[in-house]
1. What number of residues within the range 21-66 are over 25 Å from the mean Cα position of the chain (by Cα) and surrounded by 10 or more Cβ atoms within 10 Å (Cβ to Cβ)?
2. State yes or no: is Ala77 open to solvent by less than 70 Å² (accessible area, probe 1.4 Å) and either over 30 Å from the mean Cα position of the chain (by Cα) or at pLDDT below 95 (or both)?
3. Looking at (1) open to solvent by less than 100 Å² (accessible area, probe 1.4 Å); (2) among the polar types (S, T, N, Q); (3) at pLDDT below 95, find the lone condition where Thr2 falls short.
4. List pairs: first in the range 56-80 and at negative phi and of a type in the set (A, V, I, L, M), second at pLDDT 95 or above and open to solvent by 90 Å² or more (accessible area, probe 1.4 Å), Cβ under 9 Å, 6+ apart or cross-chain?
Amino acid sequence: MTTVQITLPDDLAKELAEAGLLEPPIIEALLRDRLRAAHVSNLGKLRAALRADPVEPMTNDEINGEIQVYRAEQRRASGS
């Protein structure tokens, strides 16, 4: 476990303590929720970027070529 120390205005700290929001499980839940929200926001930005500049789909020949390269690498790695 990591210990985190924060500095808050006294009035805010008092209100948070009275509301039970300074308990470790509550703080953990709040931080996890904000982290999920940040991930969702980043995903939205990535989707917007992909819409603005979409990646061309691969042809069947390109896919088959990639599969052949992968299989050859796997054979080399296994010594076959």
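1. Residues flagged as over 25 Å from the mean Cα position of the chain (by Cα) and surrounded by 10 or more Cβ atoms within 10 Å (Cβ to Cβ) within the range 21-66 amount to 9.
2. Taking the combined requirement at face value, the residue does not satisfy it.
3. Just one mismatch for Thr2, condition (1).
4. Close Cβ pairs satisfying both conditions: Met58/Glu66.
The values are calculated or read from the model by the stated rules, or taken from the named source; none is laboratory data. Values in this document were obtained by computation on a predicted structure and should not be read as measured data. Neighbour counts are summed over all protein chains in view; Cβ atoms, including those assigned to glycine, are modelled from backbone coordinates with ideal geometry. For the accessible areas, the whole protein counts, side chains as well, though only heavy atoms, and no ligand, DNA or RNA atoms are used. Shrake-Rupley method; radii C 1.70, N 1.55, O 1.52, S 1.80 Å.
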